[in-house]
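This report concerns only the one structure given below.
Every number here is computed from the coordinates shown, using simple stated rules; none is lab data. Keep in mind it's a predicted model, so treat the numbers as computed, not measured. Heads up, the Cβs are rebuilt from the backbone with ideal geometry, glycines too, and the neighbour counts pull from every protein chain shown.
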Amino acid sequence: MDKPVNNRAWWLVAPVFAIVAFSAIIPIMTVVNYSVQDTFGNNQFFWNGLGWFQELLDPSTELGGRFFDALWRNLLFSGIILAIQVPLGILVALSMPRDGWRVAATLVLMALPLLIPWNVVGTIWQVFARADIGLLGYGLNALGIPYNYTGDTLSAWITIVVMDVWHWTSLVALLCYAGLKSIPDAYYQAARIDGASRWAVFTTIQLPKMKRVLLIAVLLRFMDSFMIYTEPFVLTGGGPGNATTFLSIDLVKLALGQFDLGKAAAMSLVYNLIVLALCWVFYTVMTHSGSERPEQGSAA
Amino acid sequence: MSPNTRGGAFIMALYLIFLMLPIYWLVNMSLKTNFEINTTVSLWPQAITFEHYIKIFTDSSWYSGYINSLTYVVLNTIISISLALPAAYAFSRYSFVGDKHLFFWLLSNRMAPPAVFALPFFNLYSAIGLFDTPWAVALAHCLFNVPLAVWILEGFMSGVPREIDETAAIDGYSFPRFFVKIFMPLIASGIGVAAFFCFMFSWVELLLARTLTATNAKPIAVTMTRTVSAAGMDWGLLAAAGVLTIIPGALVIWFVRNYIAKGFALGRV
C-alpha cells in the first residue's frame, strides 16, 4: 500500500477505540475475573484457578459434555446453513430482473426479512409452523406428513434451518447481486462473440467477480449462525430436550438462568476465543485475496 | 448486468413467494379474533377485526415499547456514525502504528457473540447508573455497530481519490472544513448505507436490549413477551405487534432501495 505514514491519525481513531474498549475490554475483564472464581452465593467468591476451564474442556464431565454437545450442534447448524444459503443466494442473485421498476420492487421485498426484529422472526415462524394454528404445520399434518416442531427433533431442526434460510438468504443474494452488477457489459459481449456457454460465463466471469463479496457473505453468515440466539429461543426454547440448544442459548441458560457465574464465564471465554480464531482465519483470507487484485476497494 | 435465463423470473417468483408466505400469515392472524384463530384455520379472516391494533395504539404500555426501541436505535445510529467517520478516514488515508491490528480487533467485536456480553454489560451499566435507560442499550449496541460503520465507511472512502484531499489543502481548506464541506457530500451514499446498517442491527437485536432494561426503557420486543397470560396465548395481539415491528424496517428499506445492493457489499465491490 502507498498510504502515507502518519501516526497522528491515531487521534481520529481514538474516539472509536475508546468506546469499543469501554464496551469490550471492561466486560471481558469481568468475565475473566468470574472465570477463575467460585461462589457459594452471598457475593462471597474464592479462587478456583483454572478449575472451570479444565472441567469445560473435558468432555467426560457434565459441564464439558454439555459444552461439546452444544458446540458440535452449532457447527453442524452453521455448516447446513452455509451449504444451503450460499448456492441458493447465488441462484437468486442470478435470477434478479435486469432493469426497470421490478428491480426496486424485488430488492425491497427481498430485504424485508433482514429488517424484522429477531424475536419477531421467531414469532412469525411460531405462528406459521404450529400444528394447531399455523398454515405450514396444519397443512403438512393435513397432508398426512407427521410434523410437530415442539415435540419432534427432526421437525424442530428442519423448522429452524428453513427459518434461517428464510431470514438470511437475501443477505447472500444481495451481496452476490452487488458483485454481479460490477461486471462491465463488455465482458458478456466478449463471451457472446466467443460463443461461451451459460456455464462457462458463470464459472469464468461471474464467479471470479463474486469471490470477494462471497467471502464477506460466508464470514457474516458463519459468524452470525455461530452466535444465533433469539430466533431458536423464541421458536423452540432450545428444545425438544436439548436438541436445538446452540452455544449462545446454552450460555445464557448457564449465566442468567442458573447464575453459575464461574462456569458461564469460562464458557464465554472459550466461546469467544473460538470466534476470534475463526474470525482471524477469514480476515487473513479476505485481506489476502484483496491484495491479489489491486483494483479492489474502489467504491462509489 | 447478467445475461438472464428464462427460468430466472420463475425462480425469483418462487423465492419471493417463500419469503412472503409467513409474513402474509402473520398479517392474516393479526386481523382475526382470538376465537377464530383458535377454532379454525382459514386463509383469510372471516370477520376482519382491528381490535388488536386498537389495543396497541391506545395502551401506553404497548406503544411506549415502540418509542423506547426507536429512541435507542436512533441514539445508537447517531453515536456510531459520528465516531466512525473520522476513524474510517484515518484507516482509508493513512497507515499508522498498529492500524492493521486495530482494524482486526474492531472487526472481531462485530463477530463477538452478544450472549458473552449479556451478564458483564448488566453489571457494568448497573454500576454506572445507566441500567434501564435508552443510553445503556444505545452504548451497548456500539459494540457491534461502531466496527461495522467503520468497515462500511472505510470501503466507500477508499473509493474517493486522494487528490481531492490534496487539492482542498492547497486551496486553503482546514481539515474540519474540508471534511464537512467537501468530503462528506462525496460519500453521502456511504453514510446513508452505514446509517441504514446501524439502524438495522440495533433494531433487530433483542438479547442485550432485554438484559439492559427493566420497566422504563423496555423495548417493544420485550413487551411482546407479555402476550402469554393465564388465559393462554393472545395470538392476535402478538401478531399485530409483530406486523407493526416490520413497518419501520420496510420504510427504511424503501428510502435506501437504490443503495441496498451496494451497501450489503459494504462498499467493497
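Please state the relative contact order of chain B as a whole percent: Cα pairs under 8 Å, 6+ residues apart? Before the final figure, lay out the partial values.
Numbers: 268 pairs, mean separation 85.4, N = 269.
After rounding, I find 32 percent.
Could you state, as a whole-number percent, how many of the C-alpha pairs of segment A:7-291 are farther apart than 33 Å? Please report the intermediate quantities before stating the final value.
Values: 15913 of 40470 pairs.
The calculated P(r) of segment A:7-291 puts 39 percent of pairs beyond 33 Å.
Lys/Arg Cβ at +1, Asp/Glu Cβ at -1, dipole of segment A:110-267 taken about the Cα centre: which of A:Pro146, A:Ile183, A:Leu115 is farthest positive-ward?
Most positive-ward Cα: A:Ile183.
Towards the positive end of the charge dipole of chain A, with charges on Cβ (+1 Lys, Arg; -1 Asp, Glu), say which of A:Pro15, A:Leu76, A:Thr61 has the farthest Cα.
Positive-end residue among those listed: A:Pro15.
Dipole size in debye (nearest 20) for segment A:7-291 around its Cα centre, Lys and Arg Cβ +1, Asp and Glu Cβ -1?
Here segment A:7-291 has a charge dipole of around 1080 debye.
Taking the Cα atoms of segment B:67-135 alone, what are Rg (to one decimal) and Dmax (as a whole number) in Å?
Here Rg and the maximum Cα pair distance are 15.3, 43 Å.
List the lysines whose Cα lies under 19 Å from the Cα of A:Lys209, skipping any in the same chain that are fewer than 8 positions away.
Those lysines meeting the cut-off are A:Lys181, B:Lys262.
What's the angle, to the nearest 10 degrees (0 to 90), between helix A:10-35's Cα axis and the longest principal axis of chain A?
So the helix axis and the longest Cα principal axis differ by about 40 degrees.
About the Cα centre of the protein assembly as shown, how large is the charge dipole given +1 on each Lys and Arg Cβ and -1 on each Asp and Glu Cβ? Please answer in debye to the nearest 20. All intermediate terms of the calculation are to be shown ahead of the outcome.
Details: 32 positive and 30 negative charges, 238 e Å.
Charge dipole of the protein assembly as shown: 1140 debye, to the nearest 20.
Pop a pseudo-label 7 angstrom from the Cα along the beta-carbon direction at both B:Leu251 and B:Ile78 and give the gap in nm to one decimal.
Here the answer is 1.7 nm between the modelled labels.
What is the spread of the Cα atoms of chain B along each of their three principal axes, largest first, in whole Å?
Cα spread of chain B along its principal axes, largest to smallest: 74, 61, 31 Å.
When B:Val73, B:Val137, A:Val162 are ordered from fewest to most other Cβ atoms inside 10 Å of their Cβ, what list results?
Taking fewest neighbouring Cβ atoms as first place, the list is A:Val162, B:Val73, B:Val137.
For every helix of n ≥ 4 consecutive DSSP H residues, a contribution of -39,500 (n - 2.57) applies; sum these over the protein assembly as shown, divide by its total residues, and give [θ] at 222 nm rounded to the nearest 500 deg cm²/dmol.
-22000 deg cm²/dmol
Please give the FRET efficiency for B:Val41 paired with B:Met20, using the beta carbon to beta carbon distance and R0 = 22 Å, rounded to the nearest 0.05.
Here the calculated transfer efficiency is 0.75.
Quick one: Karplus J couplings for segment B:71-88, per residue in order, coefficients 6.51, -1.76, 1.60, θ = phi - 60°, nearest Hz, x for Gly and Pro?
After applying 6.51 cos²θ - 1.76 cosθ + 1.60, I find 4, 6, 5, 5, 4, 4, 4, 5, 4, 4, 5, 5, 6, 6, 4, x, 5, 5 Hz.
Given an 8 Å cut-off on Cα distances and at least 6 residues of separation, report the relative contact order of segment B:148-251 as a percent. Write down the numbers at each step before the final one.
On the way: 38 pairs, mean separation 25.3, N = 104.
Relative contact order here is 24 percent.
Normalising by the residue count of segment B:107-188, find the relative contact order in percent from Cα pairs under 8 Å and 6+ residues apart.
About 31 percent, as a whole number.
Taking 0.36 nm per residue of separation and subtracting the Cα-Cα distance, what length does fully extending A:Thr203 through A:Asp99 add?
So the chain would gain 35.1 nm between A:Thr203 and A:Asp99.
What is the sum of charges around B:Ala168, taking Lys and Arg as +1, Asp and Glu as -1, for the other residues whose C-beta is under 13 Å from the C-beta of B:Ala168?
Summing Lys/Arg as +1 and Asp/Glu as -1 gives 0.
For A:Ala190 and A:Leu82, FRET efficiency with R0 = 30 Å and r from the beta-carbon atoms, rounded to 0.05?
About 0.40, to the nearest 0.05.
Given N residues in segment A:106-219, what is its alpha carbon radius of gyration divided by 2.2 N^0.38 Å? Intermediate results must be reported in sequence, preceding the final value.
Details: Rg = 19.8 Å, N = 114, 2.2 N^0.38 = 13.3 Å.
Computed over Cα atoms of segment A:106-219, the ratio equals 1.49.
Provide the FRET efficiency to the nearest 0.05 for the B:Ile128-A:Ala142 pair, computing r from the beta carbons and using R0 = 41 Å.
Calculated transfer efficiency: 0.15.
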